[in-house]
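The values are calculated or read from the model by the stated rules, or taken from the named source; none is laboratory data. Here the structure is a predicted model, which is why all the values come from computation and not from measurement. Cβ atoms come from the backbone with ideal geometry, glycine included; neighbour counts cover every protein chain shown. Ligands, DNA and RNA are excluded from the accessible area calculation, which covers all protein heavy atoms including side chains. Shrake-Rupley method; radii C 1.70, N 1.55, O 1.52, S 1.80 Å.
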Amino acid sequence: TLPAIQSAREAGRKTQCRNNVRNLAQGCNSHLEAQKCYPSGGWGWGWAGDPNRGFGMRQCGGWMYSLLPYIEETALHSKGKG
């Protein structure tokens, strides 16, 4: 029974991973539709996102930060708004 349990867990992990990738792809497409471009790389890996800078080249945060509002994480994206 142990191999069957491990197999079921692995199937669950694969399904979760597939769903995560699907959500990111849908977020990219929603960003494209709203902003007329895909999310940018930001200013580099060392920069944190700034909700006051909008999207595109003005946004110092990378593509992951820019996708937050499009993957139902608006509260996290707006955390530093002031």
**Request:** For residues that are in a helix (DSSP H, G or I) and touching a Pro at 6+ places or on another chain (Cβ under 8 Å), scanning just region 18-61, find the one that is nearest to Lys81 (Cα to Cα).
**Result:** His31
**Request:** Go through Glu33, Glu10 for me and flag whichever is more than 11 Å from the chain's Cα centre (by Cα), open to solvent by 90 Å² or more (accessible area, probe 1.4 Å) and acidic (Asp, Glu).
**Result:** Glu33
**Cβ-Cβ under 8 Å pairs, at least 6 apart or on other chains, region 8-34 side hydroxyl-bearing (Ser, Thr, Tyr), far side part of a helix (DSSP H, G or I)** = Ser30/Tyr70
**Prompt:** Within region 48-75, restricting attention to residues that are hydrophobic (A, V, I, L, M, F, W, C) and either modelled with pLDDT under 90 or open to solvent by less than 70 Å² (accessible area, probe 1.4 Å) (or both), which residue is nearest to Asn20 (Cα to Cα)?
**Reply:** Ile71
**Asked** Could you give every pair whose Cβ atoms fall below 7 Å, whose first residue belongs to region 63-75 and is closer than 14 Å to Cys37 by Cα, and whose second residue is of a type in the set (Gly, Ala, Ser) and in a helix (DSSP H, G or I), counting only separations of at least 6 or pairs across chains?
**Response** Leu67/Gly27; Tyr70/Gly27; Tyr70/Ser30
